[in-house]
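Reviewing the structure listed below.
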Amino acid sequence: MTSRALVTGGAGFLGRHLVQALRPRYDIVDVVDVQPARPCAVTTGHVGDVRAVLPTLPAYDAVFHLAAFVGGRAGIENGPLAVASNLALDVAFFEYVARTRPSYAAYLSSSAVYAAHAADPAGAALREDCADSTSPQVGRPDGTYGWVKLTGEHLAHVVQDRFDVPVVCYRPFTVYGPEQGTDYPVPAIVSRALAREDPLTVWGSGEQKRDFVYVEDAVAAIVATHDQAPGGPLNVCTGRAMSFRELARAAADAVGYQPEIVGDLTKPGGVGARIGCPDRLSRWFTSDTSPADGIGRMLGSLTPA
């Protein structure tokens, strides 16, 4: 029997990598996106908004929902209404899941669901139970984007409960890698390093700590777990804390120069720290790509800023 998977947002940065990673597992991996997907013999690209396209599609064995507007930290901070429109995309996806009842469904949530006050400046790891959409007491997520993703997780819980479809909610932390746009922090910093800027600037103070996850590790984690029905949300993280200043230094080292690293306080820096606890994920997968190795793999795909 032919196995079939569907990826919404499959022409985007994370989606392209996920489609590639799913191909060894499924005979057909189709894509829904507002932009054309890369052509492939086993992929059909359905070009259009998921709200218009999903009602026309038949059932698949596994479905993965990545379609969303993000736009990096600037998008989260400056485009709250655009970000809020993601909820309409999520509703369309879960209506499709309820109608077609695939064997597995995956919802790409975000580490932004964790409350800003839970971001320990010391970089303490965030466990999945630190944010629970079913709890009577929910902390305030990171901006409109975090609220929308937490609501999406609640919809996933409703669909799983009422329609008996296993839905895994993934919470990626700071994913980066080749071909990511420079409206995201890691490629922006690396491209400035390629231009040998001195001083080399990072947004905010630069002391903010993040859990940087190489994109191939992120999609490998999703592929390894989506049909395991782990129950509840799952962090996609490494558990390793690194500041943006440290990341910039690693980028400069990879290029081969020693600039001064400075923060730009006129730019949004986000929460002080957001590091994931990888304990649950480690049952199935462990990320082993260091930021230094990941940056090295990115250099060939970027041009100087």
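The values are calculated or read from the model by the stated rules, or taken from the named source; none is laboratory data. Just so we're clear, the structure is a prediction, and the values are computed from it rather than from any experiment. Note: ideal-geometry Cβ built from the backbone for every residue, glycine included; neighbour counts use all protein chains shown. For accessibility, only protein heavy atoms count, side chains too; no ligands or nucleic acids. Shrake-Rupley method; radii C 1.70, N 1.55, O 1.52, S 1.80 Å.
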Exercise. Taking Cα atoms, how many degrees apart are the long axis of helix 86-100 and the longest axis of the chain, rounded to 10 and kept between 0 and 90?
Worked result: 30 degrees
Exercise. Can you give the accessible area of Phe69 in Å² (nearest 10), computed on protein heavy atoms with a 1.4 Å probe?
Worked result: 90 Å²
Exercise. Relative to the present Cα-Cα distance, how much length would full extension add between Val91 and Phe163 at 0.36 nm per residue of separation?
Worked result: 24.4 nm
Problem set entry | Three-way shape call for the chain based on the alpha-carbon gyration tensor, with the a/c threshold at 1.5 | prolate
Problem set entry | Contact order relative to length of the chain, as percent, for alpha carbon pairs under 8 angstrom and 6 or more apart | 19 percent
Problem set entry | Segment Gln35-Ala82, length gained on full extension (0.36 nm per residue, minus Cα span) | 15.2 nm
Seminar exercise, completed: Once the dipole of the chain is set up from charges on Cβ (+1 Lys and Arg, -1 Asp and Glu), the residue from the list Val32, Gly270, Ile222 lying farthest towards its positive end is Val32
Problem set entry | FRET efficiency estimate (nearest 0.05) - Cβ-Cβ, Arg297 to Thr266, R0 25 angstrom | 0.20
Exercise. Taking K and R as +1 and D and E as -1, what net charge do the other residues with C-beta under 13 Å from the C-beta of Ala59 add up to?
Worked result: +1
Exercise. Mind listing the phi-derived Karplus ³J(HN,Hα) values for the stretch 31-40, rounded to whole Hz, using 6.51, -1.76 and 1.60 with θ = phi - 60°, and x for any glycine or proline?
Worked result: 10, 10, 7, 6, 10, x, 7, 5, x, 7
Seminar exercise, completed: A chain fully extended from Ala59 to Ala124 at 0.36 nm per residue, minus the present Cα-Cα distance, gains in nm 19.2 nm
Exercise. What's the center-to-center distance, using Cα atoms, between the stretch 244-305 and the stretch 214-233 in Å?
Worked result: 21 Å
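With +1 assigned to the C-beta of every Lys and Arg and -1 to the C-beta of every Asp and Glu, and no other charges, what is the dipole magnitude of the chain about the Cα centre in debye, to the nearest 20?
Numbers: 26 positive and 32 negative charges, 38 e Å.
In debye, rounded to 20, the chain gives about 180.
Using a 1.4 Å probe, what is the accessible area per residue for the stretch 161-263, in Å²? Walk me through the intermediate numbers first.
Working: 3660 Å² over 103 residues.
Accessible area per residue: 36 Å².
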Problem set entry | Structure-based [θ]222 nm, the chain - -39500 (n - 2.57) summed over DSSP H runs of at least 4, per residue, nearest 500 | -10000 deg cm²/dmol
Exercise. Which one of Leu126, Thr2, Leu22 has its Cα pushed farthest toward the positive end of the charge dipole of the chain, where Lys and Arg give +1 and Asp and Glu give -1 at the Cβ?
Worked result: Thr2
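Using a cut-off of 15 Å between beta-carbons, work out the net charge of the residues near Gly10 (Lys and Arg +1, Asp and Glu -1, Gly10 not included). Intermediate results must be reported in sequence, preceding the final value.
Working: positive: Arg4, Arg16, Arg23, Arg25, Arg38; negative: Asp30, Asp33, Asp49, Glu179.
Surrounding charge for Gly10 is +1.
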